[in-house]
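Step one of this worksheet: look at the structure below.
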Protein chains: 2
Amino acid sequence: MAQLRIALAQTNPVVGDIAGNADMLVEWTRRAAERGAHLVVFPEMFLTGYPAEDLVLRSSFVEASITALSKTATRLADEGLGDLPVVVGYLDRADLAPRVGQPKGAPLDAVALLHEGRVVTKSAKHHLPNYGVFDEYRYFVRGDRLPIFRLHGVDVAVAVCEDLWQDGGPVSVVAEAGAGLLVVPNGSPYETNKDDVRLELCARRAREAGCALAYVNMVGGQDELVFDGDSLIVDASGELVARAPQFEEDLFVTDLELPEGTGELGESRHDAHDGTVITVERVLLSAAPVEPYEPEAPVVAERLDDLAEIYKALVLGVRDYVRKNGFQSVILGLSGGIDSALVATIAADAVGPERVHVVLMPSRYSSDHSITDAEELVRRQGVDSQVVPIADIVSAFEKEIELHGLAAENLQARVRGMLLMSLSNEHGHLVLTTGNKSELATGYSTLYGDSAGGFAPIKDVLKSVVWKLAEWRNAQPGQPPIPENSITKEPSAELRPDQRDTDSLPPYEVLDRLLRDYVERDMGRDELVAADHDPELVTQIIRLVDLAEYKRRQYPPGPKITPKNFGRDRRLPITTRWRERL
Amino acid sequence: MAQLRIALAQTNPVVGDIAGNADMLVEWTRRAAERGAHLVVFPEMFLTGYPAEDLVLRSSFVEASITALSKTATRLADEGLGDLPVVVGYLDRADLAPRVGQPKGAPLDAVALLHEGRVVTKSAKHHLPNYGVFDEYRYFVRGDRLPIFRLHGVDVAVAVCEDLWQDGGPVSVVAEAGAGLLVVPNGSPYETNKDDVRLELCARRAREAGCALAYVNMVGGQDELVFDGDSLIVDASGELVARAPQFEEDLFVTDLELPEGTGELGESRHDAHDGTVITVERVLLSAAPVEPYEPEAPVVAERLDDLAEIYKALVLGVRDYVRKNGFQSVILGLSGGIDSALVATIAADAVGPERVHVVLMPSRYSSDHSITDAEELVRRQGVDSQVVPIADIVSAFEKEIELHGLAAENLQARVRGMLLMSLSNEHGHLVLTTGNKSELATGYSTLYGDSAGGFAPIKDVLKSVVWKLAEWRNAQPGQPPIPENSITKEPSAELRPDQRDTDSLPPYEVLDRLLRDYVERDMGRDELVAADHDPELVTQIIRLVDLAEYKRRQYPPGPKITPKNFGRDRRLPITTRWRERL
């Protein structure tokens, strides 16, 4: 057996900021060296950030990634860090002739081993996820190599993210090729309860591969996704050895005792059990095990409970969206209700109350407690506030055009949206919207009104969870930030006299159970009724949800009539820092 | 040799409206029978409409398509049309075990042959386009069959759309298998000059297959795409025989003289030259050639010139967006400038002037000719108009919050956007926006202001083409609909005194040439300079375009934190008529 101290760099790269990410790589590698690590592993596509979407189809971006990789290898050596091997994800390209249906430039979701100033091995993700939030058949061609490097006597194999999730491919040949450790850089977005699935998967693959497995994930918000970290190590029997914290950057260092490698150096070809052949490339970095040393006790960070996970994901999502987009502050309307109260609290936790600006915009239909509850939140949290009554503006519109019913209700929401956007333009704040998933799914919101803004922190949180998160946050140490009355009072949009959400919607606990099954689990009508939902309610809510979806989708760009369309327009990442070199 | 009269049903299905599309199939088949056709061919996925996006991942939708197919076969027979074979695209599923990375339910972009009340053969698209506007790896698994049916002695093979565009697959085995005619249902969206490429491709594939080729394309606007029809037939040497009109529905009937089939009935397996094996299934409908008859002269519809093509695409896009979304009328702001003048004209051509409502919204900065030019257009076209001055509303806002510079300019655009949305809510009109591609690409527009609306007819038309289209339309027979002064005057947003577009942007002919290369051709900085663009201008415009793109993309939904996200939310077609059965 041989010892290795490995450092998993659970980091937060920025899509497009290749120079900044490279700096971060050097800085974290230095810290790993100071901790005495023998190997440091960064996440998937760390150097470019992930997901880089249509940026990977720009040849100048691919070129920039490849150049930065070799420059970073040199720089590590120049700065005295060359003897610490670094595994890092980056963007490369395959040398394939162009053909119809193949992504332009044949990009690779690649991973490299840097050592002694050189790029020692390169490989790329074999299985490309193309479901849910992933579209990787659009972006990448598949890799077909499994690098194994011998480090202080231990054979370390490298695979990428999805290669763990699917059968066959590089991971399936690790057992046959023989390795002491499999390291896997990941860009794996948070979903509720994904941590359990992830551990079970790593344990199973470790047993199949017959070796320990180190899973390193990125952390942080990037555009519409939040990565949760949760890097971990299991031994060859699938037992959990060490686990990094969730939602925090961490240089996660663990001492392992691993079998010495015996395989022959050089290349060999293996059936990958998925119709492809994988080339194993075994290289030598250092043959002799390190001098025996006293290992540190492995760390197993405590798991967060479900509400804490969701709350931390939301805070991190807001913080990184603000930071990565270069905003200094946020602004939102505060109604006294629970949704805006929770969003204000998340924002204050994310960027500090001094950078949160709230606007109270009472109308002729606002109740007294709307103002007093909002003022109470301002008092408790110390956020910046101002009051802008909307009655006179609404009257000015109504003098010019006659509006009734929903049109009149929408006008009020739109005046508020415009005030926030105007203040955003004037002062540079990012507008946060406060709509929750139950409202948005059923269309209980106004286009260009309460839905106008740059980031929607609780867009994917059902109303019943909004209440639970508010109670959870109030139960944390310190003064409860959210006024109790905002939590307990009956929900109302206050766009007409005595309006209540239940005028239009069923009680939220009933609605949310149905939305979970219809929207999230995608059940059809028959399945919903079989799952014990009230048939009449199913009819009503399917109609509402489909209509809302339909109306949201009625607001797209025009028809496509140019040779290449706005392809770039659709999929470029939002918080990219990469530009053509100016 | 044997004669066949084949009817290509260049039709306009509606995504999701399976019942309506099935009715259309029966109606057009009856018309084909009345014309004496021996075979009628409908476009790709005609029965469900195309592109159906994430609807294909709903099992109830797949089920509805399969059921409708067999019911339609029965119904054709019941209505006395059973002896006329029908080739039609529909949605089916493969019988595959679920696995990671495979679309849910393994959907197929399928095509069937209906005859004598039965579904005689089924096959599915082999090559799945996954670039540009297509994401079909997300939606489909590939087919691996090539049906060939003997009809009145002629062997007719069937392939689908993309199978023509890529090498290998079903089309590559036609020559070896032997056929007299290859029919290809398509859903091929319009792009400028695509008609030339399409003809060249069909000619090449016909020569490779050694048989005539009949290409049938759908027509009409569907969500963000416009299909142009342009169905065509080439003979075995690749010569054009007949060609249907562009942008119009047409039952396109052609008499062909084709070799008699000699291949053996039953199944055979063939190497498809792309790593797969295709099963050829040869079935008999009728062995004896038809009695000789006097063929009709084939029709070769005249091609439209480039500007006529674009104009027709825009009109059809608006007409179908309005119709398929169930709107009765449209509304837009008319400024007196060229963009809104062109959009009003397109709208009047699309839905009739009596269903076009224009609003003149002068501000304190509007010039006199803004009003008089707009009024002149109203007079010429007879659209409905009203005047709503915005000065008092803007003042009401400015009494509550202090705004300067761009924030003050944006406010005016937003007041106009809100007025249009309010009138839309009150009266049910669809709001058309009037921004062109040059403005939108460079960010010369206001979020929630002039960009607020349901459909953006000229969003993908560069400003220099806007002028050309206006001149082209004015040159058509009848009174020129667009006031000459709207075409000739200098462009201005009129959001501050004496503002001119050239205060912020280079002349449009210079800008548009650069946008074509940067946005549409995706050239990088070095390529642009090499293509003789002014280096300083390249720097300025890259910055503007990237910033505009970046700002547009700063307005997405929040982070994803639920198990399945809003996957459905992202990709459902807009103008669907399919709902869960209520």
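The values are calculated or read from the model by the stated rules, or taken from the named source; none is laboratory data. Just so we're clear, the structure is a prediction, and the values are computed from it rather than from any experiment. FYI the Cβ positions are ideal-geometry reconstructions off the backbone, even for glycines, and counts take in every protein chain you see. With ligands, DNA and RNA removed, areas are computed over all heavy atoms of the protein, side chains included. Shrake-Rupley method; radii C 1.70, N 1.55, O 1.52, S 1.80 Å.
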Query - Descending semi-axes in whole angstrom, ellipsoid equivalent of the protein assembly as shown, from the Cα gyration tensor - result: 47, 43, 29
Query - Anchor A:Lys468: aspartates and glutamates whose Cα lies under 16 Å away (excluding residues fewer than 8 positions away in-chain) - result: A:Asp305, A:Asp306, A:Glu309, A:Asp339, A:Asp460, A:Glu484, A:Glu490, A:Glu509, A:Asp512
Requested in this report: Could you give me the radius of gyration and the Dmax of the stretch A:128-202, taking only the C-alpha atoms into account and expressing both in angstrom?
Outcome: 13.8, 41
Query raised in the report: Which value, in nm² and rounded to one decimal, describes the direction-averaged projected area of the C-alpha convex hull of the stretch B:18-74?
Result: 4.0
**Report entry** Nm distances between copies for A:Glu484, ranked from closest, using label points 7 Å along Cα→Cβ
**Finding:** 7.8
**Report entry** Probe 1.4 Å, all protein chains present, accessible-area order of B:His38, A:His273, largest first
**Finding:** A:His273, B:His38
Report summary line: Computed over the stretch A:1-107, the convex hull of the Cα set has an average projected area, in nm², of 8.1
Report summary line: Ranking A:Phe327, B:Phe252 from most to least accessible area with a 1.4 Å probe gives A:Phe327, B:Phe252
**Report entry** Spatial separation of Cα centroids for the stretch A:440-463 and the stretch A:205-226, in angstrom
**Finding:** 32
Query - Cross-link partners of A:Lys194 among lysines (Cα-Cα below 17 Å; sequence separation of 8 or more within a chain) - result: A:Lys312, B:Lys560, B:Lys564
Query raised in the report: Which shape class applies to the stretch B:307-431: rounded if a/c is under 1.5, otherwise prolate when a/b exceeds b/c and oblate if not, where a ≥ b ≥ c are the square roots of the Cα gyration tensor eigenvalues?
Result: prolate
Query - Size-normalised alpha-carbon gyration radius of the stretch B:44-183, reference 2.2 N^0.38 Å - result: 1.06
Query - MRE, 222 nm, helices only [DSSP H, n ≥ 4, -39500 (n - 2.57), over the protein assembly as shown, to nearest 500] - result: -11000 deg cm²/dmol
Query raised in the report: For the stretch A:520-537 and the stretch A:2-23, what is the separation of their Cα centres, given in Å?
Result: 45
Report task. Restricting to chain B, compute how many DSSP beta bridges are antiparallel as a %, nearest 5. Result -> 60
Query raised in the report: How long are the three semi-axes of the equivalent ellipsoid of the stretch A:2-284, in whole Å, if each is the root of 5 times an eigenvalue of the C-alpha gyration tensor, listed from largest down?
Result: 24, 22, 20
Query raised in the report: Residue by residue through the stretch A:482-489, which ³J(HN,Hα) values in whole Hz follow from phi under the Karplus form 6.51 cos²θ - 1.76 cosθ + 1.60 (θ = phi - 60°), with glycine and proline marked x?
Result: 9, x, 4, 5, 5, 7, 8, 6
Query raised in the report: Counting only DSSP beta bridges with both residues in the protein assembly as shown, what percent are antiparallel, rounded to the nearest 5?
Result: 60
Requested in this report: May I ask for the distance between the Cα centers of the stretch A:133-204 and the stretch B:239-316, given as a whole number of Å?
Outcome: 48
Report summary line: Filtered hits (lysines, Cα-Cα < 23 Å from A:Lys399, offset >= 8 within chain) -> B:Lys399
Query raised in the report: Given a cut-off of under 8 Å on Cα pairs at least six residues apart, what relative contact order in percent is computed for chain B?
Result: 13
Report summary line: For chain B, the accessible surface attributable to carbon and sulfur atoms (probe 1.4 angstrom, ligands and nucleic acids excluded) amounts in percent to 50
Query - Longest site-free stretch - chain A; sites: GluC sites (Glu not before Pro), DSSP loop, at most 14 other Cβ within 10 Å - result: A:403-582
Report task. Please report Rg over Rh for chain A, where both radii come from the alpha carbon positions and Rh follows the Kirkwood definition. Result -> 1.02
Query raised in the report: On average over all directions, what projected area in square nanometres does the stretch A:306-553 have, based on the convex hull of its Cα atoms?
Result: 13.8
Report task. Note the distances from B:Pro298 to each other copy's matching label point, with points 7 Å along the Cα-to-beta-carbon direction, in nm, sorted shortest first. Result -> 7.3
**Report entry** Accessible surface buried upon A-B contact (total; probe 1.4 Å; Å², nearest 100)
**Finding:** 10900
Query raised in the report: What are the nm distances, shortest first, from A:Thr67 to its equivalents in the other copies, labels at 7 Å along Cα→Cβ?
Result: 6.0
**Report entry** Cα convex hull volume per residue for the stretch B:212-306 (Å³)
**Finding:** 195
